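The values are calculated or read from the model by the stated rules, or taken from the named source; none is laboratory data. Since the model is a prediction, treat every value here as computed from it, not as a measurement. In this analysis, Cβ positions are derived from the backbone assuming ideal geometry, glycine residues included, and neighbour counts consider all displayed protein chains. Side chains are part of the model used for accessible areas, which takes the heavy atoms of the whole protein and leaves out ligands, DNA and RNA. Shrake-Rupley method; radii C 1.70, N 1.55, O 1.52, S 1.80 Å.
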Amino acid sequence: MSSIQENTGTTEGTTDEGAVVEAGAEDQPVAAAGAAKERTDELVREGEIAADFLEGLLDIADLSGDLEVDIENDRAAVAIVDSEDGVAPGRLVGPGGQVLDALQELTRLAVQAETGERSRLMLDVAGYRADRRAALVTTARRAVAEVQESGQPKELEPMTAFERKVVHDEVLAAGLSSESAGVEPARHVVVLPR
């Protein structure tokens, strides 16, 4: 049985053969694995709390939908998907994802109330965020191509924080940089040349 030690200091000792060894060095991979498992357990718990909250909400509103819980990019991810009883309620997305954004914030607050910790949970309904992510990747790639060809910055349409993050990540992966400009609700991404 191994345990994780909170003391990060190291001490030296010798083996029976007289070699000098640094105590604690062999425990580092074990400690890292333990910390990773602990983080995974926290995210699973966040997802379960969120799913319970959303299940209650769906029941109260008499809406159909199954819940899928996962971990993506070091975040709990919960999706309301089609069920045997019917399709996932698209009205929980709302125009431009506004209802979904509000529902995500309420869900994060429910998780925070239970855990005492701020949550970065992501919520999707009926595949809206997945579809929007794919469209944003296409938009980002077009903007990158245009900036590479023209050598001029390119301003994109106003976006939510989630949408801007997707675009920033795609621009960075293409080897360019970008920045957010403006104030909400007109905050947008500017793709910059090298």
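What to note about this one:
- Of all residues in the stretch 140-164, exactly one satisfies the criterion of being among the hydroxyl-bearing types (Ser, Thr, Tyr) and out of contact with any helix residue (DSSP H, G or I) (no Cβ under 9 Å at 6 or more places or on another chain), namely SER150.
- Number of positions in the stretch 161-190 that are farther than 20 Å from GLY96 by Cβ, of a type in the set (A, V, I, L, M) and not in a helix (DSSP H, G or I): 3
- Flag for VAL167 being under 30 Å from THR40 (Cβ atoms), touching a helix residue (DSSP H, G or I) at 6+ places or on another chain (Cβ under 7 Å), surrounded by 12 or more Cβ atoms within 10 Å (Cβ to Cβ) and without any contact (Cβ under 8 Å) to a residue 40 or more places away in the chain: yes
- Single condition VAL191 does not satisfy, out of (1) farther than 30 Å from THR40 by Cα; (2) in contact with a Phe, Trp or Tyr (Cβ under 9 Å, 6 or more places away or on another chain): (2)
- Taking residues in the stretch 109-123 that are without any contact (Cβ under 8 Å) to a residue 60 or more places away in the chain, and partners anywhere that are open to solvent by 90 Å² or more (accessible area, probe 1.4 Å) and part of a loop (DSSP other than H, G, I, E, B), the pairs with Cβ atoms closer than 6 Å and at least 6 places apart or on different chains are GLN112/ARG118.
- Tally of residues being surrounded by 18 or more Cβ atoms within 10 Å (Cβ to Cβ) and over 18 Å from the mean Cα position of the chain (by Cα) across the stretch 64-88: 2
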